[in-house]
Structure formats: C-alpha cells, structure tokens
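Shown next, in structure tokens, is the structure this report addresses.
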Amino acid sequence: MTASFDRVLSADAVVVGSGVAGLTAALELAPLRVVLLTKGPIADGSTPYAQGGIAAAVGEGDSPAAHAADTLDVGGGLNDGPAVDVLTAEGPDRITDLMQRGVGFDRRDDGSLVLGREAGHDVRRILHADGDATGAEISRALVVEALAAGHIEVVDHSFAADLVVDAGRVAGLTARVRGEEQVLVVAPAVVLATGGIGRLYANTTNPPAVTGDGLAMSARAGVRLRDVEFVQFHPTALATGRDPMSLLTEALRGEGAVLLDEQGRRFMLEVHPDAELAPRDIVARANWRVLQRGGTVYLDATEAVGDRFPERFPTVYHLCREDGIDPRVEPMPAAPAAHYHMGGIATDLFGRTSLPGLWAAGEAARTGVHGANRLASNSLLEGTVFGRRVAIDIKASGPPAQVDATALRAAVLPGAEPAPQPDVVEDLRDVMWDKVGLIRRHEGLMAALEEIDRLDEKLEPRVSAASNMVTAARIIASAALLRTESRGGHFREDFPESTPWWQRPVVVNP
Ligand code: FAD
Ligand code: SIN
C-alpha cells in the first residue's frame with residue numbers, strides 16, 4: 001500500500017512548521033531524528049514578521065507573578081492558571097536560551113537590556129532586537145542552528161496534508177512536496193506548529209503560509225480544539241492596501257504615539273482610561289468604529305518618536321517609506337487587521353493533544369496561556385517555552401515506538417495539488433472579514449456559514465490550503481455563533497456583555 005507513495009521518510013519525530021515553535025521543538029528534540037516540514041522556504045510563517053518583541057520578567061522590580069497577573073488581566077477569565085504560571089516562570093530562562101543561540105537583543109551602552117512597553121503590561125518588559133525586527137532576529141538565529149543540526153532534515157516546499165492514525169494513535173503524516181510528489185512520513189511522534197489562521201481574513205498582518213492547516217488537519221482527525229472563536233485583531237496595521245498589511249507595532253503606542261481621527265481628535269481618551277494602551281480588542285474596535293462611520297484613523301508618532309524613528313523603529317520606518325509616508329513628520333493611516341488566533345488545538349502543559357502521538361505548539365496550539373485575548377508579545381514567548389516542553393515530553397516518552405508497517409495502510413495519498421481557485425479564497429476572506437470579524441452578530445454568522453458551505457462546494461474534494469481555510473472558517477464561525485456573549489477578542493453586537501455562564505470554553509471534538 002505504501003508503494004504508491006513517491007517517497008517514504010522515517011523519523012523519530014516529524015515537526016510541521018518552521019516558526020519559533022517548530023524550530024525550537026526540532027532543536028530541542030536532539031538527538032532524536034527529526035523531519036521538519038515547511039510549506040514554503042524555511043521561516044515562511046509569522047515569526048520573522050514579529051516586530052514589538054518578546055515579553056519576559058527580566059527587568060529590575062519585575063517578576064513572573066506580575067507578568068502572570070497582566071496576562072490574566074487581559075485574558076477575559078478563560079486562561080488556564082497553571083499554563084500562565086509555566087509561561088511566565090520559565091520565560092526568563094528561555095530568554096537566556098535564545099541569547100545562547102545567538103539572538104542579539106537590544107542593549108544600552110552599559111550592556112543592560114532595553115525593555116519596551118506595550119498595552120496591558122504594567123511595566124516595561126518587552127525585549128526587542130534591531131529596534132522592531134525581533135521576530136526576524138529570533139528566526140535568523142534558530143534557522144542557522146537548525147540548518148546546521150545533524151539530527152534535523154528540513155523538507156521545504158512541502159504541504160503536510162493529513163495525519164495517519166492507526167489504532168487510536170498517530171503513526172505519521174502524508175505530505176505533498178513541491179505540488180506533486182506524494183510523500184509519507186512515518187513517525188511515532190508528530191508536532192503541529194503550523195501557526196495561526198490570519199489568512200482567513202481579507203485584512204491581515206499574517207503572511208500567505210498561515211492558513212489554519214494544523215487546525216483543519218486536527219479537526220479531520222477528531223482532535224480536541226478549544227477557544228477557536230477568539231481571534232485577535234491588531235488595532236494598527238498600515239492602511240495602504242497591501243496584503244499582508246504592514247504592522248505598526250504596538251510598541252509605538254508604548255512610546256507615546258497617539259491615535260487621531262480625521263479631525264485630529266484623540267478619540268481613545270473617551271473610550272478607555274488607558275487610552276491608546278487599553279487592551280487590544282478595545283482599541284481595535286474603537287478604530288473600526290471610526291472607519292465604519294466613514295472616518296480615517298491615524299497613528300501619530302511625530303511628537304513621541306519623531307527623528308528617532310529610523311533608529312528605534314527601522315522596520316516600520318522602511319515599510320512606511322515604501323508607501324510614501326514619512327512617519328517622522330506625518331501621521332500614519334491605520335486600520336485593524338486579523339493578527340493572532342488565541343484558540344486552536346487543545347493541549348496540556350507539555351503540548352500533548354487529545355490524540356496519542358500528536359503534540360502541538362505555538363500559535364496553532366491552545367495551551368491556555370491567552371484565554372480570550374492575548375497579551376502583546378506573549379506569543380513568541382509561548383512558542384519558545386512550549387516548543388521546548390513538547391520536545392522534553394517526546395524525549396521522556398522513552399525510546400521511540402516502532403510504527404507497525406500495517407498501520408501505514410491507513411495512509412491516503414494526498415493527490416496532486418488542486419488548481420488554485422483564487423476567487424473562492426478571496427470570497428472566503430471577504431466573508432470572514434465582513435461577518436466573522438471584529439463585530440459579530442447572529443444573522444451575519446448564519447449568513448457566513450451558508451456562504452462557507454457554498455464556497456466549499458466549489459472546491460475540488462482534495463486537501464489543500466484552500467480546503468483547510470474553508471474547514472477552519474466553518475469551525476470559527478460556528479463557535480462564534482454558539483458563544484452568545486462578548487469576551488476578549490470575540491464581540492457580539494447582539495450580546496455585548498460578558499456573562500458568568502459563558503466563563504467556559506467552546507470545545508470542538510470534546
Ligand atoms: P509561524 O511562525 O506562523 O510558522 C508556521 C509554520 O507552519 C510555517 O513555517 C508554515 O510554513 C508552516 N505550515 C503551516 N501549514 C503547513 C502545512 N500544511 N505543511 C507544512 N508546513 C506548514 N508575537 C509576539 O510575541 N511579539 C511580537 O512582536 C509579534 N509581532 C507580530 C507581528 C506580525 C506582523 C505578526 C503577523 C505576528 C506577530 N506576533 C508577535 C505573533 C507571532 O509572530 C506569532 O504568533 C508566532 O510567530 C507564531 O509562531 P509559530 O511558530 O506558531 O508559527
Ligand atoms: C506588535 O508589535 O504590535 C505586535 C506584538 C504582538 O502581536 O505581540
């Protein structure tokens with residue numbers, strides 16, 4: 001049966017994804033033999049785009065307990081306390097690991113770390129690199145090490161299609177390499193580090209690889225998912241018509257940049273006592289309301305940053321200049337954009353999922369650290385902390401189990417990549433943005449589900465990024481319909497308050 005695959009690879013573990021979570025897990029799995037699959041070239045996910053930084057209690061007077069308190073404050077009561085404790089307590093040691101891997105965080109002349117501030121953090125605790133190129137620097141260091149590591153075989157341009165499940169446990173996965181080649185990867189341990197779902201939305205900061213594949217693959221295999229209705233919309237992406245939209249890092253607001261409407265009014269002063277540093281969902285919805293009434297939103301850093309812009313925020317400066325804006329002297333047009341998925345594949349504190357042999361880490365996972373809303377700069381940290389814990393757990397499971405050859409009879413060829421259907425994908429992204437976006441209501445969600453079904457019928461019945469997007473969209477819209485309240489990133493105009501009854505998760509495949 002396996003003979004019909006063009007190639008069979010075998011490993012002690014297969015990791016899907018070359019972002020911070022996948023690379024960390026793969027490196028920490030040494031000396032086990034790892035096959036690492038990545039959809040495009042290595043590091044094609046959100047990680048290299050991360051700007052603001054990575055949060056950890058490393059500053060004087062800060063503590064993991066204070067970091068945990070801030071994380072819980074924005075999480076809307078749906079965080080798992082023990083997961084938050086793990087994240088914040090292990091954070092400082094994982095920062096040390098990153099430094100040892102060669103990550104150069106920004107420092108003052110005296111060698112001390114420069115710490116930034118972002119919304120929801122009571123103190124300055126955001127480490128950054130090259131000003132606002134933190135993800136690129138972390139990615140660079142991890143990629144260099146992974147490519148040099150003898151235990152990791154990187155298979156790029158490979159699309160992981162489906163898990164192979166036999167007798168209730170994972171035996172590997174099927175993949176399509178460079179569009180055509182049918183590949184079976186045989187492994188007793190699979191780690192999904194496939195990132196989030198940003199590309200489901202017409203307006204997003206996420207790059208093209210981020211299409212919810214891990215979520216859809218897990219759903220098909222009956223794996224438990226949680227909190228999928230909670231999508232975070234970043235308040236300030238550069239509104240110049242790019243896809244993905246360039247991010248205007250929250251660290252700009254942390255440095256004092258203000259939001260203005262088309263009349264130059266600082267409207268956040270009327271919305272929340274913390275004004276521009278209110279929780280992300282509140283700022284995003286306030287911006288959205290200005291745009292919905294036909295106004296314009298600007299992020300003005302001319303006073304707060306001014307001439308320091310090119311040095312402190314070189315990435316944003318470069319992105320603005322590409323679009324003809326000089327942020328030293330003029331405000332930047334801004335709009336909200338889908339940015340991060342709080343929910344995902346449900347895991348325990350070691351990244352174990354409900355399916356034996358399957359682990360998940362990074363944005364694809366729902367570890368419980370974010371609840372209904374993620375604190376800024378906790379995501380790179382989550383990938384680092386839980387990527388490592390996954391590896392520790394796999395190694396602790398003892399010598400890799402042999403996968404029985406007969407188990408592989410369950411493997412189904414993914415087939416050649418279907419012809420792209422950009423119209424279906426674009427329609428889907430529009431529907432999600434319009435009806436499952438920042439402001440949701442019953443009628444819109446029902447209409448979205450009907451439209452998703454209609455688009456599904458247009459797709460070839462073969463697994464692809466587009467079919468995964470449809471699956472993920474259906475799951476998110478259904479959970480959003482079910483949650484008849486507002487909390488964190490999920491806002492229902494028809495149920496604008498949080499209710500005590502809903503302080504519980506929506507679980508898919510319970
Ligand atoms: P990603 O880095 O997204 O990588 C996903 C990987 O999975 C990719 O390699 C992709 O190819 C692979 N993949 C997916 N599907 C398949 C498949 N079917 N087959 C094979 N491979 C597959 N967070 C912070 O903490 N601080 C920040 O300052 C910050 N800034 C951000 C700025 C931007 C513009 C964006 C978009 C996000 C930002 N975030 C930030 C969020 C953070 O960057 C991400 O949540 C995090 O990097 C996700 O890492 P990951 O390893 O889970 O996934
Ligand atoms: C940003 O720099 O604003 C993004 C930070 C994050 O998403 O954590």
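Quick look at the values:
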| item | result |
| --- | --- |
| Length-normalised contact order for the stretch 1-137 - Cα pairs under 8 Å, 6+ apart - percent | 26 percent |
| Whole-angstrom gap from the stretch 322-344 to the stretch 298-314, using each part's C-alpha centre | 13 Å |
| Estimated 222 nm signal from helices in the chain, with DSSP H stretches of n ≥ 4 weighted -39500 (n - 2.57), rounded to 500 | -10000 deg cm²/dmol |
| Principal-axis tilt of helix 134-148 within the chain, Cα atoms, nearest 10 degrees | 20 degrees |
| Per-q log10 I(q)/I(0), the chain, q = 0.08, 0.09, 0.10, 0.11 Å⁻¹ (Debye; single scatterer per alpha-carbon; no solvent) | -0.45, -0.58, -0.72, -0.89 |
| Mean projected area in nm² (Cα convex hull; one quarter of hull surface) for the stretch 345-504 | 12.2 nm² |
| Nearest 10 degrees, 0 to 90: helix 465-482 Cα axis against the chain principal axis | 60 degrees |
| Computed E for Glu322/Ala167 - FRET, C-beta separation, R0 51 angstrom, nearest 0.05 | 0.40 |
| Between the stretch 154-168 and the stretch 34-88, the Cα center-to-center distance that results, in Å | 26 Å |
| Residues in the stretch 1-44 reached by a label modelled at His157 [backbone nitrogen below 14 Å; 7 Å Cα→Cβ] | 38-42 |
| Length released on extending from Val8 to Ala447, taking residue separation times 0.36 nm less the Cα-Cα span | 153.7 nm |
| Relative contact order (percent, whole number), the chain, Cα cutoff 8 Å, 6+ residue spacing | 22 percent |
| Shape category assigned to the stretch 243-299 from the gyration tensor of Cα positions, a/c cut at 1.5 | rounded |
| Asp97-Val507 FRET efficiency (beta carbon distance; Förster radius 25 Å; 0.05 resolution) | 0.15 |
| The stretch 414-466-the stretch 119-146 distance, computed between alpha-carbon centres (Å) | 33 Å |
| Modelled FRET efficiency - R0 22 Å, Asp430 with Ser498, Cβ distances, 0.05 increments | 0.15 |
| Other-chain or far-sequence residues with amide H under 5 Å of Leu9's (modelled H) | Leu184, Val185, Val186 |
| Ile439 paired with Glu460, simple spin-label distance in nm, labels 7 Å along Cα-to-beta-carbon | 4.1 nm |
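We did not get these values from a lab; they are worked out from the coordinates using the rules stated. Quick caveat, the model's predicted, so the values are computed rather than measured. Cβ atoms come from the backbone with ideal geometry, glycine included; neighbour counts cover every protein chain shown.
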